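Have a look at the structure below before the remarks.
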Amino acid sequence: MIQNKPSFEKNVERHSLRKKNGSKSLDQILLFGQNVPSNKSLKEWVQQVALLTLPDCVFWCDGSEEEKEYLNERAVAQGVLIKLDQKKWPGCYYHHSNPNDVARVEQKTFICSERKEEAGPTNNWAEPQEMYSKLEEILRGSMKGRTLYVITYLMGPIGSSMTRVGVEITDSIYVVLNMRIMTRMGKVAWNHLGDSSNFNRGIHALLDCNPERRFICHFPQDNTIISVGSGYGGNVLLGKKCLALRIGSDLGRREGWLAEHMLLLCLEDPQGKKTYVAAAFPSSCGKTNFAMMIPPANFEGWKVTTIGDDIAWMRPGEDGRLYAINPEAGYFGVVPGTNESSNWNAMSMIKKDTIFTNVARTPDGDLWWEGKDNAPPLGLIDWKGDLWDPLSAEKAAHPNSRFTAPMKNNSALAEEVYWPEGVPISAIIFGGRRANTMPLVFQAFDWIHGVYMGATAGSEMTAAAAGGLGQVRRDPMAMLPFCGYNMGKYFDRWLQMQYQIKELPSIFHVNWFRKDDEGNFLWPGFGENMRVLQWIVERCQGSASALETPIGWMPSYEDMNMDGIAGGMTAERFAALQKIDPAEWKQELILQEEFFMKLYPDVPKELISQRELLISRL
Ligand code: GTP
Ligand code: SPV
Ligand code: MN
């Protein structure tokens, strides 16, 4: 099948690198692909990595449509992708990952800054030279018999001063096809880079996917990332969590901006006024769904459009407001729970040009997952590749199964996503998955109180990372696994923003996941979250009222628009949603203190006094 692509392969050069190992000439980089960028430092670095990893050939990805077709066919021929029924799922492919490799692995993720204190107590640290030596041994000869792909990509809109260039070297064709969707890749990035040597250097090698030899390592001082032994999204799509958050947050520390695990949305009211909102919820806690939300039927004239669903880069603008861009170009989203009523926009988006990882499939190329609209079809093959028994307790789709879809297929995509300068943010929302303690919504008294709310946020752990499912842990600003430097210093960075910005956004906290005594969600969630969003935006505009409580400003039942809410909403039920339970808050304060102790001595004193103020108010 691959041989039938003469037009694509016409100027391919093939050599055997192994024979020429040791020589330094640039010509000896194996070329496979129509174009190669002229950037000398890029070529030299690729050659160095090729001489270490010894691939059979080097493939420079140019990002063209022709290349995509070729790579899809190649991935199918290699058994990496399964082509789905093209009538039902046009342009869609399926991937089973190794069953031991289905989520981010935080224990294997390292920040190799020069000094341990720079990484801080919330990150794994390793001495950079030691880690480089260890990784070099692991990488030596690791791509023998394989193809080394060079992915040059942009994080950020074309023409934005915030945009960064990354280059990921990988031996995984699955990574190439995902990065194609998630970033602006190929020629566009070569053009942006020009002759500059200022790009993030990322190396990824799949190896044998042995968890013992799995390391995701960041070297902030060298703008370098090395990831080995995994094929899972967050560990290997290096532009995303590794560059845009871990390296990005450290760049932000040095340069005075913020890289955040946040969705970005635009809310347009019936008068056509647009408000931009950023929200940080931990992994698998509702960012994609909130960013693509469709307001309930009786919210006539209200419209939500998506700017981003996972990452925001935020900087002070010249007019004194906080501006945000989404550095990504696609969505790597949780599939289970996605259906026509929970997320109509996502359902229509993933019907084409999407890569599905670890959902369930049928032998004839159809898909199914828990929480899809229809009942499971007969003869379903589960995420591990085995025939699924509907009577078993096992899930057919892995709880962290994912779609990778280009943002241009999102019918709710905001035009602002292409704006190089980004959008001015009016509201910042922190949230978590909490069965108790945390009310549906409350508002911080001011910026410092809001930073404190974000810094002390907790959430139940989810399937997006290996281990600890359901346990409540502190996940400050939803950045615990993603902050590339000392967490206490990161809180300082947030506090510093108040001196850089004249018009500070208002800060809120939400919890869609509070449960009643029987374990049922008290709040219907999804599109109904529009009711909370309306109150938030009207608070920013000064038109909604609120009650002062010990933990912040809260809406009364009357302050919220509950007309036609799914399942109904009584004042009693709303009171249960908003309850501040003294015993629960006592426990919460103890957990916050434990966390601050862990960060000692780097917790800003402003946050310690916020905690004391909260105790005295409670
Ligand atoms: P990452 O991609 O891991 O960062 O996750 P995310 O924050 O984008 O979460 P996502 O929107 O994918 O939602 C994760 C899970 O929570 C899915 O199974 C959703 O169906 C579910 N979920 C999202 N929003 C709500 C909500 O408002 N209420 C309830 N009960 N569940 C929700
Ligand atoms: C998350 O875990 O927050 C994700 C998925 O968005 S991953 O890209 O794997 O990190
Ligand atoms: Mn995420």
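The values are calculated or read from the model by the stated rules, or taken from the named source; none is laboratory data. Just so it is clear, the structure is predicted and the values come from calculations on it, not from any experiment. All Cβ positions, glycine included, derive from the backbone under ideal geometry; neighbour counts span all protein chains shown. When the accessible area is computed, the model is the full protein with side chains, heavy atoms only, and any ligands, DNA or RNA have been set aside. Shrake-Rupley method; radii C 1.70, N 1.55, O 1.52, S 1.80 Å.
Please tell me if ALA291 is touching a Phe, Trp or Tyr at 6+ places or on another chain (Cβ under 7 Å), within 30 Å of TYR485 (Cα to Cα), within 16 Å of ligand 2 (Cβ to nearest atom) and assigned by TED's automatic domain parsing to the domain that holds GLY525. The answer is no for ALA291. Residue count for the stretch 76-89 under the criterion of being in contact with a Ser or Thr (Cβ under 8 Å, 6 or more places away or on another chain) and open to solvent by 60 Å² or more (accessible area, probe 1.4 Å): the result is 0. In the stretch 228-257, the residue that is surrounded by the most Cβ atoms within 10 Å (Cβ to Cβ) out of those that are outside any helix (DSSP H, G or I) and within 12 Å of ligand 2 (Cβ to nearest atom) is LEU238. Within the stretch 551-582, restricting attention to residues that are free of Cβ contacts under 8 Å to residues at least 12 places away in the same chain and among the small types (Gly, Ala, Ser), the residue that is surrounded by the fewest Cβ atoms within 10 Å (Cβ to Cβ) is GLY568.
Would you say ASP309 is open to solvent by less than 20 Å² (accessible area, probe 1.4 Å), under 18 Å from the mean Cα position of the chain (by Cα), within 11 Å of ligand 1 (Cβ to nearest atom) and among the charged types (D, E, K, R)?
Values: open to solvent by less than 20 Å² (accessible area, probe 1.4 Å): yes; under 18 Å from the mean Cα position of the chain (by Cα): yes; within 11 Å of ligand 1 (Cβ to nearest atom): yes; among the charged types (D, E, K, R): yes.
In short, yes.
Under the condition of being of a type in the set (S, T, N, Q) and assigned to a loop (DSSP other than H, G, I, E, B), which residue from the stretch 278-323 is farthest from ligand 3 (Cβ to nearest atom)? Step through it out loud before you land on a result.
Let us first name the residues in the stretch 278-323 that are of a type in the set (S, T, N, Q), namely 283-284, 288-289, 298, 305-306.
After this cut, where a residue has to be assigned to a loop (DSSP other than H, G, I, E, B) as well, the list is 283-284, 298.
Details: SER283: 5, SER284: 8, ASN298: 31 Å.
Ranking the qualifying residues of the stretch 278-323, first place goes to ASN298.
The selection criterion, being open to solvent by 50 Å² or more (accessible area, probe 1.4 Å) and farther than 25 Å from TRP447 by Cα, does not hold for GLU548.
Only one of the numbered conditions (1) under 19 Å from LYS287 (Cα atoms); (2) out of contact with any strand residue (DSSP E or B) (no Cβ under 8 Å at 6 or more places or on another chain) is not met by GLY333, and that is (2). Against the condition in contact with a helix residue (DSSP H, G or I) (Cβ under 9 Å, 6 or more places away or on another chain) and open to solvent by 10 Å² or more (accessible area, probe 1.4 Å), how does ALA329 come out, does it pass? Yes; evaluated as a whole, the condition is true for this residue.
Regarding the stretch 90-98, can at least one residue be identified that is hydroxyl-bearing (Ser, Thr, Tyr), touching a Leu at 6+ places or on another chain (Cβ under 7 Å) and open to solvent by less than 20 Å² (accessible area, probe 1.4 Å)?
The first filter runs over the stretch 90-98 and keeps only residues hydroxyl-bearing (Ser, Thr, Tyr), leaving 93-94, 97.
This time we only want the ones that are touching a Leu at 6+ places or on another chain (Cβ under 7 Å), so: 93-94.
Applying the additional criterion that residues be open to solvent by less than 20 Å² (accessible area, probe 1.4 Å) yields 94.
For the stretch 90-98, residues hydroxyl-bearing (Ser, Thr, Tyr), touching a Leu at 6+ places or on another chain (Cβ under 7 Å) and open to solvent by less than 20 Å² (accessible area, probe 1.4 Å): present.
Against the list (1) in a loop (DSSP other than H, G, I, E, B); (2) farther than 22 Å from ASN35 by Cα, the condition GLN129 fails is (1). Considering each residue of the stretch 268-286 in turn, at least one proves to be open to solvent by less than 10 Å² (accessible area, probe 1.4 Å), within 13 Å of ligand 2 (Cβ to nearest atom), touching a Ser or Thr at 6+ places or on another chain (Cβ under 7 Å) and not assigned by TED's automatic domain parsing to the domain that holds ASN178. Of the set (1) closer than 22 Å to PRO99 by Cβ; (2) buried (at least 24 other Cβ atoms within 10 Å of the Cβ); (3) out of contact with any Asp or Glu (no Cβ under 9 Å at 6 or more places or on another chain), all apply to ILE350 but (1). Among the residues making up the stretch 244-266, a single one is within 13 Å of GLY202 (Cβ to Cβ), within 16 Å of ligand 1 (Cβ to nearest atom) and not small (Gly, Ala, Ser): ARG246.
Inside the stretch 309-341, can you point out the residues that are in contact with a Gly (Cβ under 7 Å, 6 or more places away or on another chain) and polar (S, T, N, Q)? ASN326, THR338, ASN339 - these are the residues of the stretch 309-341 that are in contact with a Gly (Cβ under 7 Å, 6 or more places away or on another chain) and polar (S, T, N, Q).
Given the options SER411, SER426, name the one that is among the hydroxyl-bearing types (Ser, Thr, Tyr), at pLDDT 95 or above and in a strand (DSSP E or B). Before the answer, list the steps.
Details: SER411 fails: in a strand (DSSP E or B).
Within the list SER411, SER426, the selection yields SER426.
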